[in-house]
């Protein structure tokens, strides 16, 4: 399996399966650690050996790859006016969609906790890009 794929225009990108695995581990780490630290405000059902956490992570990943670019494009003016401070609220919206989809198995109580989790996810996305994906792309030269 090739780790680095070169597009027709010469741009490098990481293999889709490796990209998926990296982000799944990051999202799982964030959700599990936040649900352990803030026990009363974030609830992830741990029955079936963490199946609901895995499903929540998969839904977050799918929404980040499909819906999030559209939402970012639609909210670009307000994000520009707030100098980027609105961007974590897009992650709050995605977390609320996951909360709605999974119902009682994944719950975020309160908008403040959603903002904290969204900021942590945004930081995790930046760290994943800078510390893992970019070095892999540079190494593939």
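A short reminder: the numbers here are calculations on the coordinates, not readings from a lab. Note that the coordinates shown come from a computational prediction; the quantities given were computed from them, not determined experimentally. Glycine also receives a Cβ, built like all others from the backbone with ideal geometry; neighbour counts cover every protein chain displayed.
Axis angle, to the nearest 10 degrees, between helix 16-37 and the longest C-alpha principal axis of the chain: 30 degrees. Helix content alone sets the calculated 222 nm mean residue ellipticity of the chain: runs of n ≥ 4 DSSP H residues at -39500 (n - 2.57) each, divided across all residues, give -21500 deg cm²/dmol.
For a Förster distance of 30 Å, can you work out the FRET efficiency between the beta-carbons of residue 109 and residue 138, rounded to the nearest 0.05? Working from the Cβ atoms, E equals 0.10.
The radius of gyration of the Cα set in the chain, together with its Dmax, comes out at 16.3, 50 angstrom.
Mean sequence separation of contacting Cα pairs (under 8 Å, at least six apart), scaled by the length of the chain, corresponds to a relative contact order of 31 percent.
Full extension of the segment from residue 76 to residue 47, taken as 0.36 nm per residue of separation minus the current Cα-Cα distance, would add 6.5 nm.
Would you mind checking the tilt of helix 51-74 against the longest principal axis of the Cα atoms of the chain, expressed as 0 to 90 degrees and rounded to 10? Around 70 degrees separate the two axes.
Listing 106, 112, 38 from the residue with the fewest other Cβ atoms within 10 Å to the one with the most, what is the order?
By the 10 Å Cβ count, ascending, the order reads 112, 38, 106.
Here the label points at residue 127 and residue 66, each 7 Å from Cα along the C-beta direction, are separated by 2.8 nm in the simple model.
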